[in-house]
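See below for the structure under consideration.
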Amino acid sequence: NLTATPIDDQSIHLTWTHNCDFEEGYRIERKSGSSSFEQIAEVIENIFELTDTGLSLGVTYTYRVKAYTETNESGYATSAQTTTSFPPPTNLTATPIDDQTINLTWTHNCDFEAGYQIERSEGGSFSQIVELGADLFSYTDTGLSLGVTYTYRVKAFTETNESGFVTSTPTTTSFPVPTNLTATPIDDQSIHLTWTHNCDFEEGYRIERKSGSSSFEQIAEVIDNIFELTDTGLNFGAEYTYRVKAFTETNESAFTSSVSTTTSFPTPTSLTATPIDDQTIHLTWTHNCDFEEGYRIERKSGSSSFEQIAEVIDNIFELTDTGLNFGAEYTYRVKAFTETNESGFVTS
């Protein structure tokens, strides 16, 4: 039962079963490759193991052991051929964490390494970028270029030897694009924008707008963690298109998909005209916005033209029209207004 177990890049551990109680000790011999056996050690009785050190990585060794007394020797137990081992790292993953940074992690498969050497390629040859100490199994590579594809490889080393490499899949730095851009009219001159941020390293957002078929122009820049903007001072009835991109000091994301909308001035609805006596009609209507400054009420009699008869302030949604002619037919219409614009009419 002589077994030879590699324990690092320069050492093999031997164990064997003793089968007598009168030996004075054991003689251990070794050969490399097809060379001859030579004695490398002698141990006393009751020692049934040996660690052979200072070996060469990748060389095949064979061992044999015999017991001895002052007078005689036993036969040999011989091991299988054994090679020193330097397991390479495995499971190298390269994960983009922002527009200039990729994080590397790997699995170590030995406990005797002095450290790790990390190499990087941008599509050509590999070059070493860093050397780490033992028991460090991750590295963050910074200062990279957005959109460039990087491949990494890692090897362990000792003072004497190196393991094989483990290589990552090609990886590109990432700058996620904002998504879900919405543009919601909130009054006759304002549109409210919201979007979803998809990264945590942006320094802010740049918002661009175009009107009709014109070109996009930047209208605002907001800092990080601001994911909305209210665009004011717009023209009522004009169509506006928006797009948003994130930025850092060095790079920009792509733009969101653009969205288009038009400022809104909802028309009053449900205008009712109710006679309440022989000279009076009471008007009521439903308001459909919260930004109006008031309402203008117009009236016509029979087939005549409409003429304004009153103006009420905001939050007044009724009017009593008095001094009318009994039996005459009256038609009314109402529109909301602001300092700048007017809604459409609702007609009774």
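Placing one equal scatterer on every Cα of the stretch 214-348 and applying the Debye formula, the log10 ratio I(q)/I(0) at q = 0.13, 0.20 Å⁻¹ is -0.68, -1.13.
Determine the distance separating the Cα centre of the stretch 67-142 from the Cα centre of the stretch 224-302; give it in Å without decimals. Cα centroid of the stretch 67-142 versus Cα centroid of the stretch 224-302: 66 Å apart. Contact order for the chain, expressed relative to its length and based on alpha carbon pairs under 8 Å spaced 6+ residues apart, stands at 10 percent. Share of carbon and sulfur in the accessible area of the stretch 235-348 stands at 41%, probe radius 1.4 Å. Rounded to two decimals, the Cα-based Rg/Rh of the chain, with Kirkwood Rh, is 1.50.
The residues of the chain present an accessible area of 52 Å² per residue when probed at 1.4 Å with all protein chains retained. Take the Cα of Glu45, step 7 Å toward its Cβ, do the same at Thr5, and the gap between the two points is 2.7 nm.
Taking 18 Å as the cut-off, the amide N atoms of the stretch 33-47 that come nearer than this to a point 7 Å along the Cα-to-beta-carbon line of Ser56 belong to 33-40. What a 1.4 Å probe finds exposed on the stretch 1-70 is 42% carbon and sulfur by accessible area, rounded to a whole percent. Hydrodynamic analysis of the stretch 22-176 uses the Kirkwood radius over alpha carbon pairs. Inserted into Stokes-Einstein at 4 °C and 1.567 mPa s, it gives a translational diffusion coefficient of 69 µm²/s.
The values are calculated or read from the model by the stated rules, or taken from the named source; none is laboratory data. Quick caveat: nothing in here was measured; it's all calculated off a predicted structure. FYI the Cβ positions are ideal-geometry reconstructions off the backbone, even for glycines, and counts take in every protein chain you see. Each accessible area value is taken on the protein alone, full model and side chains, heavy atoms only, with ligands, DNA and RNA left out. Shrake-Rupley method; radii C 1.70, N 1.55, O 1.52, S 1.80 Å.
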